[in-house]
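The values are calculated or read from the model by the stated rules, or taken from the named source; none is laboratory data. Remember, predicted model here, so these are calculated numbers, not experimental data. Cβ placement follows ideal geometry from the backbone for every residue including glycine, while neighbour counts extend to all protein chains displayed. Surface areas here come from the heavy atoms of the whole protein model, side chains and all, with no ligands, DNA or RNA. Shrake-Rupley method; radii C 1.70, N 1.55, O 1.52, S 1.80 Å.
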Amino acid sequence: MNDTHESPGSVGERRLQQFLGTAEQAGDFYDRQVQARLTGQMAGFIARQTMMFLSTADAGGACDITFRAGPPGFVTVLDDRTLTYPEYRGNGVLASAGNITENPHVGLLFVDFTHDHIGLHVNGAARLRADEDQRRACPGLPADTAPGRRPGFWVHITVEEAYVHCSKHIPHLEPAPRPRQRTDRPRDGEYFVAPGRTGAPPHRRVPPAQAPPVPRPGGARV
């Protein structure tokens with residue numbers, strides 16, 4: 001295998017490129033498209049987006065992917081190497097944030113389904129910051145991304161690479177007001193639960209002494 005091309009890709013992808021004969025094509029993509037910092041066009045694109053997909057993994061590599069949404073600018077570009085967005089109290093599982101406390105590597109995917117039909121990948125390293133600490137450090141943060149709700153904390157991301165997701169198979173979606181919640185379907189918590197199921201699978205309990213750190217104002221950890 002020839003690894004002389006300096007590539008931002010993983011060893012695994014470069015091996016497959018060599019095996020399948022796509023190394024030159026991939027090298028051209030790395031050279032032209034993969035950026036170590038956000039360009040002005042990327043920053044403007046992120047500022048217009050109202051949704052993103054977030055990928056995390058725990059220390060053992062078990063992956064999780066989720067969806068985040070908010071008004072344009074809910075993901076704030078602090079500079080060409082830094083992004084941040086607020087996390088709110090949800091179902092209490094904290095899957096993504098929990099993974100970040102074990103493994104800082106995150107992947108974000110922004111997709112424009114309505115206008116330019118293109119996507120942007122942003123990969124980097126994340127950490128959690130208390131709301132007060134993040135606002136003190138970054139006074140220009142939006143004040144009301146979720147009306148009536150206060151962030152539990154912020155996810156602060158250092159950008160490591162950013163690159164385009166091609167438009168070829170991105171569907172066109174038309175923005176429309178969300179209809180009123182249907183009453184003839186199961187509630188969210190029951191939607192995918194088999195009828196008659198009475199118990200949840202056993203889960204691993206974390207002893208209090210080993211619980212992950214939670215951000216608190218002033219940088220304290222509990």
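Some points to look at:
- Any chance G148 is at pLDDT below 95, under 30 Å from L173 (Cα atoms) and open to solvent by 50 Å² or more (accessible area, probe 1.4 Å): yes
- Exactly one residue among V93, V111 is β-branched (V, I, T), open to solvent by 60 Å² or more (accessible area, probe 1.4 Å) and over 16 Å from H156 (Cα atoms), and that residue is V93.
- Residue selected from the stretch 31-51 under the condition assigned to a loop (DSSP other than H, G, I, E, B) and polar (S, T, N, Q), by the criterion farthest from the chain's Cα centre (by Cα): T39
Yes/no matrix, rows are residues, columns are (1) among the hydrophobic types (A, V, I, L, M, F, W, C); (2) in contact with a His (Cβ under 7 Å, 6 or more places away or on another chain); (3) open to solvent by less than 60 Å² (accessible area, probe 1.4 Å); (4) under 28 Å from I65 (Cα atoms):
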residue: G12; (1), (2), (3), (4): no, no, yes, yes
residue: E24; (1), (2), (3), (4): no, no, no, no
residue: F45; (1), (2), (3), (4): yes, no, yes, yes
residue: Q49; (1), (2), (3), (4): no, no, yes, yes
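- Residue list for the stretch 14-70, filter: touching a residue at least 40 places away in the same chain (Cβ under 8 Å) and among the polar types (S, T, N, Q): Q33, Q35, T39, Q49, S55, T56
- Scan of the stretch 87-115 for residues that are at pLDDT 95 or above, over 15 Å from A62 (Cβ atoms) and assigned to a strand (DSSP E or B), ordered by number: L108, L109, F110, V111, D112
- Selection of the stretch 142-180 for residues being aliphatic (A, V, I, L, M) and under 19 Å from V106 (Cβ atoms) yields V155, I157, V159, A162, V164.
- For P139, the criteria (1) over 22 Å from V34 (Cα atoms); (2) part of a helix (DSSP H, G or I); (3) over 16 Å from the mean Cα position of the chain (by Cα) hold in every case but one, which is (2).
- Residue match in the stretch 135-143 (condition: within 23 Å of D64 (Cβ to Cβ) and open to solvent by 90 Å² or more (accessible area, probe 1.4 Å)): no
- Of all residues assigned to the stretch 58-66, none qualifies as being surrounded by 18 or more Cβ atoms within 10 Å (Cβ to Cβ) and farther than 23 Å from P171 by Cβ.
- Scanning the stretch 74-114 for residues that are within 13 Å of the chain's Cα centre (by Cα) and free of Cβ contacts under 8 Å to residues at least 40 places away in the same chain yields V75, A95, P104.
- Boolean, E160 is over 25 Å from R37 (Cβ atoms), at pLDDT 95 or above and within 16 Å of the chain's Cα centre (by Cα): no
- The C-beta contact set for the stretch 173-192 (first residue farther than 24 Å from Q49 by Cα, second residue open to solvent by 100 Å² or more (accessible area, probe 1.4 Å) and in a loop (DSSP other than H, G, I, E, B), distance under 8 angstrom, 6+ apart or interchain) comprises R185/Y191.
- Single unsatisfied condition, P171 versus (1) more than 30 Å from F29 (Cβ to Cβ); (2) part of a loop (DSSP other than H, G, I, E, B); (3) modelled with pLDDT of 80 or more: (1)
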